[in-house]
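Just so it is clear, none of the values below were taken in a lab; they were calculated from the coordinates. None of the values given here were measured: they were computed from a predicted structure. Here the Cβ positions follow ideal geometry from the backbone for every residue, glycine too, while neighbour counts run over all protein chains shown.
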Amino acid sequence: MSFRLLSIYQTRDLLAARDAGLAEIDISLDLGLSETRVHINPEGALLPGGALLPWPEIERIQAHAQALFRVTDEGGVEKVQAFSEAFGRLYSLMPTAGAPTMLISGIPMHRIKSTDPLQDTRSKIRAASPKGRVLDTCTGLGYTAIEAARRADEVVTIELDPAVIAICRQNPWSQALFEAPNITQLIGDSFDLIAAFEDASFDRIIHDPPMFNLAGQLYSADFYRELHRVLKRGGRVFHYIGDLRSKSGRNVARSAARRLQEAGFRAVKRRPEAFGLLAFK
Ligand SMILES: C[S@@+](CC[C@H](N)C(=O)[O-])C[C@H]1O[C@@H](n2cnc3c(N)ncnc32)[C@H](O)[C@@H]1O
């Protein structure tokens, strides 16, 4: 699949090249995964395929640090975003120097302060240590599912909102979600869909839900009992919570740990470096 995506990370270089009088420059149109040669002329930047991106459009992108833009066939640009009628949420991709994050009604889906979405994902994966069959309860941009699938035999990942998956299709860093043969995607509410899985059918669970106040059911005793039921003996759940050193993170972690133990997990350990808890069956 070929992408034509631009954010300030590319327009900064295009504008610098124009100001330096260069005739061409290599930039990435797929958010850093590969580089493409772009020709520069007084009207704008000539992209592969022949679309001319005029300088006013490039300057418009440069003025939006938190937005990612797609170049249209007509040489215009539009934000990569989707409004979910079903859930009343606006999703958009937010650029970083590498893999983008998604803003859900303005809130980033991954940690980006002093880190980036990929490092955030890797710390969750280190804590979860995926192997065998893995359940990923909240797909999002698919980063945890994709990283888990590199280490495990099979990953089943569940996303509530189809609009999120529509954004994943436009994100070069999410493509393995659609291409990896060992990832199965399900659309629906994890709270409901988990009932269909057999007892002791997963070796690992990655539970990376929205914040407690947005998705209380996914922190409930009923849901934790289901996590325990579908997990094999000797298995573990990584449960993302948020910064365990913050007051709210500490409180959510304390009550989640209590409910996890009541649900049958034999031990629950804090993993502050991964912003979560690890529950052992
Ligand atoms: C923090 S993000 C997950 C990030 C993901 N692990 C990644 O690597 O990109 C939470 C995601 O869970 C989805 N979600 C919210 N409630 C859900 C539910 N009940 N069942 C399944 N997914 C849910 C949200 O739409 C959002 O995409």
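So here's what we get for this one:
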item	result
Over 35 Å [Cα-Cα, the chain], rounded percent	24 percent
For residue 263, net neighbour charge (Lys/Arg +1, Asp/Glu -1) across residues whose Cβ lies under 13 Å away	+3
Protection proxy ranking of 251-260, 138-147 - average other beta-carbon atoms within 10 Å, highest first	138-147, 251-260
Signed unit charges on C-beta, dipole axis of the chain, positive-most listed residue 108, 167, 21	108
Sorted by Cβ neighbour density within 10 Å, fewest at the top, the residues 11, 36	36, 11
Candidates 244, 118, 46: whichever shows maximal mean-square fluctuation once the chain is modelled as a Gaussian network with Cα springs under 10 Å	46
Rounded FRET efficiency, nearest 0.05, which uses the C-beta distance separating residue 113 from residue 192 and R0 of 25 Å	0.15
Label point distance in nm, residue 35-residue 78, each placed 7 Å from Cα along Cα→Cβ	3.2 nm
Environment charge at residue 186 (Cβ cut-off 11 Å; Lys +1, Arg +1, Asp -1, Glu -1)	-4
Normalised convex hull volume, segment 238-281, alpha-carbon set, Å³ per residue	49 Å³
Three semi-axes of the equivalent ellipsoid, segment 62-105, Cα gyration tensor, whole Å, largest first	19, 15, 8
Hits among aspartates and glutamates - C-alpha to C-alpha of residue 124 under 14 Å, sequence gap 8 or more where chains match	116, 136, 147, 208, 243, 273
Cα pair count fraction exceeding 23 Å, expressed as % - segment 113-280	33 percent
Extent along principal axes [Cα atoms of segment 207-280; Å; largest to smallest]	32, 23, 18
